[in-house]
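The values are calculated or read from the model by the stated rules, or taken from the named source; none is laboratory data. Just so it is clear, the structure is predicted and the values come from calculations on it, not from any experiment. Cβ placement follows ideal geometry from the backbone for every residue including glycine, while neighbour counts extend to all protein chains displayed.
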Amino acid sequence: MDLSGKLTLQRAAWAASLAAGHARVWGMTGAERLSRIFRRLGLKEEPQSGAGVVIARADWVCDQSLIAALAARPLTLLVSPDGAPVAAHVPSDGFEEAAAALAAGDVSAPGLATLERLDPAALAYNETLRKREAPVLEPLRPDTVRAVEARLFQGSYKGVTDIVTKRLWPLPARIVTRWCALARITPNQVTLAGLLLAIAATFLFWTGQFGWGLALGWVMTFLDTVDGKLARVTLASSRLGDVMDHGVDLIHPPFWWWAWWVGVQQGPHPLPWADAMLAVVLVGYVAQRVLEGLFIQRFGIHMHAWRPIDSAFREITARRNPNLILLTVAVLAGRPDLGFAAVTAWTALSFLVHLAQLGQAWATPRERVTSWLAR
């Protein structure tokens, strides 16, 4: 039995790598994955006398949220749906006894029998990804690797997102994400590649090369899906990477629409009321994000996670990918100017829908708005 990695987080010490196997999930052994979880939680290899100890089995794959919840609850036991003990938070003086019981898989043995059981279902809502889904808790064996990877990948997807990301990208993104994980390509490298493609697409739109610009733009949107999934499934996200990813996502769309407008104005079909249309698109984009921010500030949840109808509208609202669909159809029809006109109209309509959503929420008791998350 391998007991390694005693670590300390405030008053909780940790130990990991019980019954470590050789199966790899997203390029990592179970022990490597646990080590990444510990580092992400700010753990230090400085065991403290009298501290609690969290013990985890490396032949199981569990969400970081479960380990974090266990660390926050002394005298608790994490048990799988079929009753197998996976991890425990025990007093330091009972560490050896509990570790032996955990390795043997005996929940009735001394050291585990008196512990309160942690219910994974109670941690089902993921605020970051805006969805309710049971945390991953699966055995890691050669015959379960693909199923576990599929669960982790599915768990990395936002519950509320646009139609392209939700309906078109999952299968190819899973393939490319796995390739990146095995090739040790980092999420930040994927984000950087996406940034370079976004800049190149802006130049192509500006010069009226709409077809090539769309080709690079769609690849960029695909990589934007891959980098986030790669960061989550490999537990390799960082503050810098998060800032880069969200910064690129937030900033580049208005530059694309502006560049498209310039390209159209230089072409054979310049837009009437061009300045007004550009203002609607740019101001509308910013205004929608402001409304979303006000919703979060007021209610503590995302506007699009409030009701089923709001989540459904998020799939098609005037964000980057739905707008790219309109522009792609227009280019295929030989009229990029009509694509910009369609984006203008859709941006204005989407702003009005968001304004109505905020107004409806404001007229609803705050507790009723937030109660939707529990449904």
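In segment 265-279, what residues are surrounded by 17 or more Cβ atoms within 10 Å (Cβ to Cβ) and either more than 14 Å from residue 338 (Cα to Cα) or in contact with a Ser or Thr (Cβ under 6 Å, 6 or more places away or on another chain) (or both)?
277
Would you mind stating whether residue 187 is surrounded by fewer than 19 Cβ atoms within 10 Å (Cβ to Cβ) and in contact (Cβ under 8 Å) with a residue 12 or more places away in the chain?
no
With respect to residue 184, is the statement that it is more than 22 Å from residue 325 (Cβ to Cβ), basic (Lys, Arg) and part of a helix (DSSP H, G or I) true?
Judged against the criteria, residue 184 is not a match.
Residue 365 - would you say it is without any contact (Cβ under 8 Å) to a residue 24 or more places away in the chain and out of contact with any strand residue (DSSP E or B) (no Cβ under 7 Å at 6 or more places or on another chain)?
Spelling it out, residue 365 is indeed without any contact (Cβ under 8 Å) to a residue 24 or more places away in the chain and out of contact with any strand residue (DSSP E or B) (no Cβ under 7 Å at 6 or more places or on another chain).
Listed here are the residues, each with its yes/no results for (1) under 17 Å from residue 161 (Cβ atoms); (2) acidic (Asp, Glu); (3) modelled with pLDDT under 95.
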{"site": "232", "(1), (2), (3)": "yes, no, yes"}
{"site": "280", "(1), (2), (3)": "no, no, no"}
{"site": "297", "(1), (2), (3)": "no, no, yes"}
{"site": "324", "(1), (2), (3)": "yes, no, no"}
{"site": "328", "(1), (2), (3)": "no, no, no"}
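Given the criterion among the hydroxyl-bearing types (Ser, Thr, Tyr) and within 23 Å of residue 204 (Cβ to Cβ), identify the matching residue among 317, 328.
None of the others qualify; the one that does is 328.
Which of the following residues is among the charged types (D, E, K, R), at pLDDT 80 or above and within 24 Å of the chain's Cα centre (by Cα): 57, 40, 73?
It is 40.
Of all residues in segment 228-266, count the ones that are over 29 Å from residue 178 (Cβ atoms) and not in a loop (DSSP other than H, G, I, E, B).
13
Considering each residue of segment 190-227, count those that are crowded, with 23+ Cβ neighbours inside 10 Å, of a type in the set (A, V, I, L, M, F, W, C) and over 26 Å from residue 332 (Cα atoms), and give that number.
Residues meeting the conditions: 2.
Search segment 164-177 for residues that are within 16 Å of residue 152 (Cα to Cα) and pair each with any residue that is crowded, with 19+ Cβ neighbours inside 10 Å and of a type in the set (Lys, Arg) when their beta-carbon atoms are under 7 Å apart and the residues are at least 6 apart or on different chains.
173/229; 177/229
Counting just the residues of segment 106-124 that are touching a Gly at 6+ places or on another chain (Cβ under 9 Å) and more than 23 Å from residue 65 (Cβ to Cβ), which one comes out surrounded by the fewest Cβ atoms within 10 Å (Cβ to Cβ)?
110
For segment 119-143, how many residues meet the condition of being at pLDDT 85 or above and either among the hydroxyl-bearing types (Ser, Thr, Tyr) or not in a loop (DSSP other than H, G, I, E, B) (or both)?
Number of matching residues: 3.
Within segment 222-250, which residues are hydroxyl-bearing (Ser, Thr, Tyr) and touching a helix residue (DSSP H, G or I) at 6+ places or on another chain (Cβ under 6 Å)?
Selection gives 225, 234, 237.
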